[in-house]
Structure formats: C-alpha cells, structure tokens
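**Student:** Here you go, one structure.
The values are calculated or read from the model by the stated rules, or taken from the named source; none is laboratory data. Being a predicted model, the structure only gives us computed values, none of them experimental. Note that each Cβ is placed from the backbone with ideal geometry, even for glycine, and that neighbours are counted across all protein chains shown. Heavy atoms of the whole protein, side chains included, go into the accessibility calculation; ligands, DNA and RNA do not. Shrake-Rupley method; radii C 1.70, N 1.55, O 1.52, S 1.80 Å.
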Amino acid sequence: MTQNIKIREIQEMQAIVKEVISLRNVSVHYGDLPVLENVSLSIYMHDFLGIIGPNGGGKTTLLKVILGLVKPDSGKVSVFGGDPLQNRRYIGYVPQHRLFDPNFPISVRDVVLTGRARHALFRRYTNHDKKTARSALEMVGMLPLEDRQIGRLSGGQQQRVFIARALAAEPGVLLLDEPAAGIDTCVQAEFYELLGRLKQKMAIVMVSHDITAVSVYVSKIACLNQKLFYHDSKELLAEDLEAAYQCPVDVIAHGIPHRVLREH
Ligand SMILES: Nc1ncnc2c1ncn2[C@@H]1O[C@H](COP(=O)(O)OP(=O)(O)O)[C@@H](O)[C@H]1O
Ligand SMILES: [Mg+2]
C-alpha cells in the first residue's frame with residue numbers, strides 16, 4: 001500500500017466515522033478482579049488525550065482494549081468505525097515495558113523498520129518501507145543517529161526511536177504507555193513538544209501516572225481508576241481526581257480549588 005493510498009483511506013474513514021476510537025460502557029475483569037468498569041470514551045482526530053491515574057488503575061488495560069488485545073466482558077469498542085483487531089494497522093503503539101537487550105546489535109534504522117512489519121508480512125522490506133521508516137526517523141529528529149546501535153542511545157533518544165517505529169506504520173492514532181518514565185525533565189519537555197507537533201497529523205492517547213507532567217501539553221485529560229473520570233475537556237474536577245486517587249490530590253489542586261489543569 002503506498003503512503004498516499006493509506007492517508008486517503010484514513011481520511012475517507014474519518015469523513016464517515018467522526019470518532020477515531022469509541023468505547024461504550026466497556027467493562028473488563030481479569031478473573032474476579034474488576035479492572036475497567038463501564039468506561040465510555042470518544043477520541044477524535046487531532047485530540048491529544050492524557051490519561052492519568054494511580055498504578056494498577058487499568059491504564060495499560062484500556063490501551064490493550066483499544067488494540068483488541070484484551071476483549072471486554074461487556075460493552076462496545078470501535079476503532080475507525082470497525083473492529084479493533086481488524087483496524088489494528090491504523091494504530092501506532094509504544095508499549096510501557098520495552099524489554100530488549102541493550103547489547104543486542106540492532107541499529108536505530110532497523111528498529112524503526114520493524115514498525116513496517118505489519119505491512120511487509122510475507123515479503124521483504126521494499127524501498128517504500130525504507131523511505132517511510134526514514135521519514136519517521138526524520139520526524140522525531142533521530143535521522144542523524146540512524147546507524148547507531150539502539151543500546152548506545154540515551155533513554156530520551158531511545159524513546160524517540162520507539163515513537164518513530166510506531167510512526168513507520170503510518171498510524172491514524174498513536175497510543176503511548178508511560179512514554180516519559182525515566183526521562184529527565186528537560187528532555188521530557190522536548191518530547192511532549194514533539195507529540196504536540198504529531199497531533200496535527202493524528203490523534204494521540206498518552207497514558208501516564210504523572211499528573212503534572214501531562215497537564216501542560218495535552219488538549220484533553222481523563223483520570224482512570226477502574227472508572228473513567230472524563231469531561232471531554234482539559235479540565236478535571238478536584239472531586240474526580242480525589243475519587244480516582246482516593247486521597248486529596250494537592251499537587252495540582254493547590255490554589256485552584258475547583259478547576260485544575262488550566263491553560264498553560
Ligand atoms: N494479564 C493480567 N492478568 C491478571 N491481572 C492483570 C493482568 N494485567 C493487569 N492485571 C491487573 O489489572 C490491574 C490493572 O492493571 P494495568 O492495566 O496494568 O494498570 P495500570 O497500567 O494503570 O498500572 C492491576 O491490578 C494488575 O495487577
Ligand atoms: Mg500500565
């Protein structure tokens with residue numbers, strides 16, 4: 001599939017289905033453990049949704065539901081108006097735990113090229129695959145280091161490479177699971193700015209347990225702890241946060257008694 005055809009395909013789908021991702025009353029249990037309860041959510045093109053919440057609150061599970069990797073016990077999920085698994089190729093995913101041996105001799109270029117695997121199934125990588133991987137590296141500013149072994153990069157640089165890998169699939173939505181964990185604050189700011197630029201081309205859903213870090217950059221924010229507290233805006237009510245965290249959330253409620261996360 002050439003790049004133009006895929007972009008056109010995504011644009012056509014958007015014209016038909018307004019919501020890029022839609023969850024309606026989704027519940028998930030792992031055995032007896034309820035993890036998501038009646039979660040409803042709509043994500044539109046150019047949204048940059050931050051999902052915060054305590055550890056174990058179900059954030060990773062929610063992303064897996066969108067990816068079709070976890071099937072809900074009840075409720076409905078659709079991705080670009082269709083089945084999540086079927087439309088999986090429109091989703092770029094940067095998982096929370098990227099386990100790899102830092103000494104594994106694979107170059108930045110080859111890591112990003114694996115992002116084309118879904119397109120290159122049963123065939124060799126084409127020049128188009130290589131070109132797409134290259135422009136993904138360019139987008140994240142890592143092209144100059146394409147020959148470098150992945151393990152020889154800083155945490156922040158590796159993170160950019162993993163985003164490039166997800167972008168190489170030419171997604172309409174980018175899902176990021178705690179992408180800034182372990183990256184120092186200065187580099188984080190640059191990283192969020194990169195996401196702000198990418199938002200112009202797609203929808204972004206970013207999961208984090210760090211409230212203050214995401215609050216400045218996202219355009220919408222939700223809080224998840226089994227239930228999703230969400231008002232389709234950048235504002236969360238202090239009582240929602242406290243309900244989700246089950247304790248007063250001083251850090252952002254300070255001085256702003258009701259509304260938090262105002263414009264930067
Ligand atoms: N595959 C699994 N089987 C059983 N329990 C799981 C599984 N994955 C996650 N859990 C549990 O589900 C809850 C939510 O996990 P998760 O979605 O990873 O939360 P978060 O990403 O917000 O930390 C946790 O209590 C976790 O231990
Ligand atoms: Mg998680």
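**Student:** Got a number for residues in segment 176-201 being open to solvent by 50 Å² or more (accessible area, probe 1.4 Å) and within 16 Å of ligand 2 (Cβ to nearest atom)?
**Tutor:** Number of matching residues: 2.
**Student:** Could I ask something else about it? Looking at this structure, is Leu175 more than 16 Å from ligand 1 (Cβ to nearest atom) and closer than 18 Å to Val20 by Cα? Write out each step before concluding.
**Tutor:** Working: more than 16 Å from ligand 1 (Cβ to nearest atom): no; closer than 18 Å to Val20 by Cα: yes.
Considered against the rule, which asks whether it is more than 16 Å from ligand 1 (Cβ to nearest atom) and closer than 18 Å to Val20 by Cα, Leu175 comes out as no.
**Student:** Name every residue in segment 88-100 that is at pLDDT 90 or above, more than 21 Å from Arg152 (Cβ to Cβ) and within 16 Å of ligand 2 (Cβ to nearest atom), in order of residue number.
**Tutor:** The answer is Tyr93, and nothing else.
**Student:** Which residue out of Ile5, Ile10 is open to solvent by 20 Å² or more (accessible area, probe 1.4 Å), among the hydrophobic types (A, V, I, L, M, F, W, C) and under 29 Å from Asp129 (Cβ atoms)? Before you say what the answer is, go through the steps one by one.
**Tutor:** Numbers: Ile10 fails: open to solvent by 20 Å² or more (accessible area, probe 1.4 Å).
Matching residue, one of Ile5, Ile10: Ile5.
**Student:** Moving on. Tell me, which residue of segment 101-122 that is within 21 Å of Leu143 (Cβ to Cβ) and touching a Gly at 6+ places or on another chain (Cβ under 9 Å) is modelled with the lowest pLDDT?
**Tutor:** First pass over segment 101-122, keeping only residues within 21 Å of Leu143 (Cβ to Cβ): 105-117, 119-120.
Add one more test, that the residue is touching a Gly at 6+ places or on another chain (Cβ under 9 Å), and what stays is 105-106, 115.
Details: Pro105: 84, Ile106: 91, Gly115: 91.
In this case the residue turns out to be Pro105.
**Student:** Would you point out which residue out of Thr126, Thr114, Thr132, Thr61 is open to solvent by 20 Å² or more (accessible area, probe 1.4 Å) and within 30 Å of Gly182 (Cα to Cα)? Explain how you work it out, then say what you get.
**Tutor:** Working: Thr126 fails: within 30 Å of Gly182 (Cα to Cα); Thr132 fails: open to solvent by 20 Å² or more (accessible area, probe 1.4 Å); Thr61 fails: open to solvent by 20 Å² or more (accessible area, probe 1.4 Å).
Criteria check complete, one pass: Thr114.
**Student:** How about segment 203-216: which of its residues are more than 16 Å from ligand 1 (Cβ to nearest atom) and surrounded by fewer than 20 Cβ atoms within 10 Å (Cβ to Cβ)?
**Tutor:** Start the filter on segment 203-216 by keeping residues that are more than 16 Å from ligand 1 (Cβ to nearest atom), which leaves 203-204, 212, 215-216.
Correct list: Thr212, Val216.
**Student:** Among the residues in segment 90-106, are any among the β-branched types (Val, Ile, Thr), open to solvent by less than 20 Å² (accessible area, probe 1.4 Å) and under 27 Å from Thr126 (Cα atoms)? It would help to see each step written out before you state the result.
**Tutor:** Let us first name the residues in segment 90-106 that are among the β-branched types (Val, Ile, Thr), namely 91, 94, 106.
When the remaining residues are screened for being open to solvent by less than 20 Å² (accessible area, probe 1.4 Å), the result is 91, 94.
Now restrict to residues that are under 27 Å from Thr126 (Cα atoms): 91, 94.
Checked segment 90-106: at least one residue is among the β-branched types (Val, Ile, Thr), open to solvent by less than 20 Å² (accessible area, probe 1.4 Å) and under 27 Å from Thr126 (Cα atoms).
**Student:** Could you tell me which residue of segment 68-86 is nearest to ligand 2 (Cβ to nearest atom), considering only residues that are surrounded by fewer than 19 Cβ atoms within 10 Å (Cβ to Cβ) and within 20 Å of Leu167 (Cα to Cα)?
**Tutor:** Checking each candidate, the answer is Leu69.
**Student:** Right, something else. Please determine, by comparing only the residues of segment 33-58 that are within 10 Å of ligand 1 (Cβ to nearest atom) and open to solvent by 50 Å² or more (accessible area, probe 1.4 Å), which one is farthest from the chain's Cα centre (by Cα).
**Tutor:** Filtering segment 33-58 down to residues within 10 Å of ligand 1 (Cβ to nearest atom) leaves 33-36, 51-58.
Filter once more, keeping what is open to solvent by 50 Å² or more (accessible area, probe 1.4 Å): 33-34, 55-56.
Numbers: Leu33: 25, Pro34: 23, Asn55: 17, Gly56: 18 Å.
My answer is Leu33.
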